[in-house]
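> Have a look at the structure that comes next, please.
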Amino acid sequence: MILHGRSWKFGDDISTDLIAPGRYFHLRSDLPELAKHVLEDADAEFAKKVSGGDFIVGGRNFGLGSSREHAPTIIKLAGVSCVIAKSFARIFFRNAINIGLPVIECDTDKIAAGDELEVDLEKGVIKDLTKKIELKFAPLPKAMTRILGDGGLVEHIKKHGDFKIE
């Protein structure tokens, strides 16, 4: 699975409140509308300018805070193909996989906002095509890549029945 897009750079401690601002709580039953406000408190232009396939690149502890499953869902609905960060809050990481949004942990210091990236999820390689460098990351376990490939946990279970780790 190879992904290609532009990077949107954010710092450390991007919370689920920054991703899905609480003042839009009333939109939680209309996720496409809520996605129009994704990350607007961190970058007011993000939701308007992000393109399908783009990447969010963060620092440490991406997705901390409440366990809002809306956060990774609206990131995906906004067209983001993958979130790359130094580390993730555990619940955000799992929620992202469950809804079919790839999340990768690696050192993101060398990636700048606007860099064109190519990510090979199976090989564990990020190519920064702007800077002509490669970054390595630990590929996701096969169970997680199967879930992602099926479009998330619900679709995976519909396709394969009860989930069993092999």
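The values are calculated or read from the model by the stated rules, or taken from the named source; none is laboratory data. Quick caveat, the model's predicted, so the values are computed rather than measured. FYI the Cβ positions are ideal-geometry reconstructions off the backbone, even for glycines, and counts take in every protein chain you see.
> Sort through Leu39, Leu18 and tell me the only one that's over 16 Å from Phe93 (Cβ atoms) and either touching an Asp or Glu at 6+ places or on another chain (Cβ under 6 Å) or of a type in the set (S, T, N, Q) (or both).
Within the list Leu39, Leu18, the selection yields Leu18.
> What tally of residues in segment 88-116 results from selecting those that are in a loop (DSSP other than H, G, I, E, B) and either touching a residue at least 40 places away in the same chain (Cβ under 8 Å) or buried (at least 17 other Cβ atoms within 10 Å of the Cβ) (or both)?
Going through segment 88-116, the residues in a loop (DSSP other than H, G, I, E, B) turn out to be 89, 100-102, 106-115.
Cutting the leftovers down to either touching a residue at least 40 places away in the same chain (Cβ under 8 Å) or buried (at least 17 other Cβ atoms within 10 Å of the Cβ) (or both) gives us 89, 100-102, 106, 108, 111-115.
Here the count works out to 11.
> So if I check each of Ala71, Ala78, which one is surrounded by 21 or more Cβ atoms within 10 Å (Cβ to Cβ), small (Gly, Ala, Ser) and more than 10 Å from the chain's Cα centre (by Cα)? Full working, then the answer.
On the way: Ala71 fails: more than 10 Å from the chain's Cα centre (by Cα).
On inspection, the qualifying residue turns out to be Ala78.
Condition check ((1) of a type in the set (D, E, K, R); (2) in a strand (DSSP E or B)) across all residues:
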position	(1), (2)
Arg6	yes, yes
Asp13	yes, no
Arg23	yes, no
His26	no, no
Val38	no, no
Asp41	yes, no
Lys48	yes, no
Gly53	no, no
Ile56	no, yes
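> If you don't mind, there's one more thing I want to ask. Using the structure shown, decide if Ile126 is assigned to a strand (DSSP E or B) and in contact (Cβ under 8 Å) with a residue 40 or more places away in the chain.
Spelling it out, Ile126 is indeed assigned to a strand (DSSP E or B) and in contact (Cβ under 8 Å) with a residue 40 or more places away in the chain.
> I'd like the residue in segment 8-34 that is in contact with a His (Cβ under 9 Å, 6 or more places away or on another chain) and touching a residue at least 24 places away in the same chain (Cβ under 8 Å) and, out of all such residues, is surrounded by the most Cβ atoms within 10 Å (Cβ to Cβ).
Ala20
> Only one of Arg60, Arg68 is in contact (Cβ under 8 Å) with a residue 24 or more places away in the chain, more than 17 Å from Asp12 (Cβ to Cβ), in contact with a Ser or Thr (Cβ under 6 Å, 6 or more places away or on another chain) and outside any helix (DSSP H, G or I); which? Give the derivation first.
Working: Arg60 fails: more than 17 Å from Asp12 (Cβ to Cβ).
Just one listed residue meets the conditions, Arg68.
> Please determine, by comparing only the residues of segment 130-150 that are exposed (fewer than 14 other Cβ atoms within 10 Å of the Cβ) and in contact with a Gly (Cβ under 7 Å, 6 or more places away or on another chain), which one is modelled with the highest pLDDT.
Per the stated criteria, the residue is Lys136.
> Looking at this structure, is Phe55 under 13 Å from the mean Cα position of the chain (by Cα) and in contact (Cβ under 8 Å) with a residue 60 or more places away in the chain?
Numbers: under 13 Å from the mean Cα position of the chain (by Cα): yes; in contact (Cβ under 8 Å) with a residue 60 or more places away in the chain: yes.
Yes.
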